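Trainee: Dropping a structure here in C-alpha cells format, bear with me for questions.
The values are calculated or read from the model by the stated rules, or taken from the named source; none is laboratory data. On a predicted model such as this, the values are computed, not experimentally measured, just so you know. Cβ coordinates were reconstructed from backbone atoms using ideal geometry, including for glycine residues, and neighbour counts include every protein chain displayed. For the accessible areas, the whole protein counts, side chains as well, though only heavy atoms, and no ligand, DNA or RNA atoms are used. Shrake-Rupley method; radii C 1.70, N 1.55, O 1.52, S 1.80 Å.
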Amino acid sequence: DVKVTQSSRYLVKRTGEKVFLECVQDMDHENMFWYRQDPGLGLRLIYFSYDVKMKEKGDIPEGYSVSREKKERFSLILESASTNQTSMYLCASIPLMGTTDTQYFGPGTRLTVL
Amino acid sequence: AQSVSQHNHHVILSEAASLELGCNYSYGGTVNLFWYVQYPGQHLQLLLKYFSGDPLVKGIKGFEAEFIKSKFSFNLRKPSVQWSDTAEYFCAVNRGFGNEKLTFGTGTRLTIIP
C-alpha cells in the first residue's frame, strides 16, 4: 500500500519565520506535488517535481520554494511566512510517467501563521 | 489552461435520497477525469477515475460517474446516499498521461441528514 506521510499535522508559526513542510513517500514514485487547500478554492498546485533535483512551478508558486534532494522526500519551504499562507497543505505522489495511475495524497499539514 | 467547475458548493440531502454532483471542465483535448472525496478529518482519497473506454465509471462505495464528452461533463451520482457519505467531493482533470498535474474544482460539501 502506498504511503505518503507529512511531518506535521498541525503547525503554528509567526509572520516572517522560515517554515519547512516535509513529505515522504515510500513507493519509489518519481513525481511529487505540493498543493494548498482553502475553503471555496479547492486544491491549488504550488510546485511539483518529476525527479530528484528537478522542480516546476505550479499555479501559485509565489512565496514558496521546494527542495528534492532524495527521491522519496519533497520539501515545501515558506521563505518568510505570511498570514495569507495560513492553509492546509497537501503532498501527493504518483509513479512513472505514462501510467494510468492516480495521485496518492498525504494526510495534510494545517499551517497557521500568526 | 484547463479549468474545472463544480457549481454546487454545499448540498444537503436526507438519507436514501439520490445524489448528483455536477462537474464541468474546459479543455478540448484528451482528458483524464477524477472524483476525490475527503471525509471529515481524513485525507483525500480517490473515488473513481476515467481514462478511456466505457464512459460510465463505477467507483467505490456505490458511486458512479458518467463522462459526456459533448457536454464536457463528468457528473458524480449515487442512487441512495447514507449518512457516512457526508464529506467534501472534488472533481479533477488532467491531460495526457495520468501523472500530469491535476486541476481541481472548488469542491462540493455534502451533508447527509439522518
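Trainee: Would you compute, for the Cα atoms of the stretch B:1-42, the largest minus smallest coordinate along each principal axis and list the three values in descending order, in whole Å?
Mentor: 38, 23, 16
Trainee: Turning to a different aspect of this structure: Out of A:P39, A:P61, A:P95, any idea which swings most in a Gaussian network model of chain A, alpha carbons joined below 10 Å?
Mentor: Among A:P39, A:P61, A:P95, the largest mean-square fluctuation in the Gaussian network model of chain A belongs to A:P39.
Trainee: What residue among B:Y89, B:Y39, B:Y50 has the largest mean-square fluctuation in a Gaussian network model of chain B, using Cα springs under 10 Å?
Mentor: Looking only at B:Y89, B:Y39, B:Y50, the biggest GNM fluctuation is shown by B:Y39.
Trainee: Say the dipole of the protein assembly as shown comes from +1 at the beta carbon of Lys and Arg and -1 at that of Asp and Glu; which of B:L44, B:I12, A:P61 then lies farthest toward its positive end?
Mentor: After comparing all options, I get A:P61.
Trainee: Which number do you get for Rg(Cα) / (2.2 N^0.38 Å) in the protein assembly as shown?
Mentor: Details: Rg = 17.5 Å, N = 228, 2.2 N^0.38 = 17.3 Å.
Normalised Rg, Cα atoms only: 1.01.
Trainee: Another question, then. For chain B, what does the equivalent ellipsoid look like in terms of its semi-axes, each the square root of 5 times an eigenvalue of the Cα gyration tensor, given largest first in whole Å? If you can, show how the numbers build up before the last one.
Mentor: Working: eigenvalues 110, 39, 32 Å².
Output for chain B: semi-axes of 23, 14, 13 Å.
Trainee: Kindly sort B:R95, A:R14, B:R77 by accessible area of their heavy atoms, largest first, with the probe set to 1.4 Å. If you can, show how the numbers build up before the last one.
Mentor: Values: B:R95 95, A:R14 155, B:R77 60 Å².
From most exposed to least exposed: A:R14, B:R95, B:R77.
Trainee: Based on C-alpha coordinates, I'd like the Rg and Dmax of the stretch A:1-67, in Å.
Mentor: When restricted to the Cα atoms of the stretch A:1-67, Rg and Dmax are 13.0, 38 Å.
Trainee: Using θ = phi - 60° and the Karplus relation 6.51 cos²θ - 1.76 cosθ + 1.60, list the HN-Hα couplings for the stretch B:40-57 in order, rounded to whole Hz, with x at every Gly or Pro.
Mentor: x, x, 10, 7, 5, 9, 6, 8, 6, 8, 10, 10, 6, x, 3, x, 9, 10
Trainee: Let me ask something additional. Between B:S26, B:S70, B:S84, which gets the highest mean-square fluctuation from a Gaussian network model of chain B, Cα cutoff 10 Å?
Mentor: B:S70
Trainee: In Å² (nearest 100), what accessible area is buried between A and B, both sides summed, heavy protein atoms only, 1.4 Å probe? Working shown, then result.
Mentor: Values: alone 6380 and 6250 Å², together 10860 Å².
Accessible area lost upon association: around 1800 Å².
Trainee: Which value does Rg/Rh take for chain A over its C-alpha atoms, Rh per Kirkwood?
Mentor: Rg/Rh for chain A comes to 0.95.
Trainee: A follow-up question, please. Heavy atoms only, probe 1.4 Å: what % of the accessible area of chain A goes to carbon and sulfur, would you let me know? Before the final figure, lay out the partial values.
Mentor: Values: 2840 of 5510 Å².
Carbon plus sulfur share of accessible area: 52 percent.
Trainee: Among A:L45, A:Q85, A:Y35, which residue has its Cα furthest toward the positive end of the charge dipole of chain A, with +1 on Lys/Arg Cβ and -1 on Asp/Glu Cβ?
Mentor: Result: A:Q85, furthest along the dipole toward the positive end.
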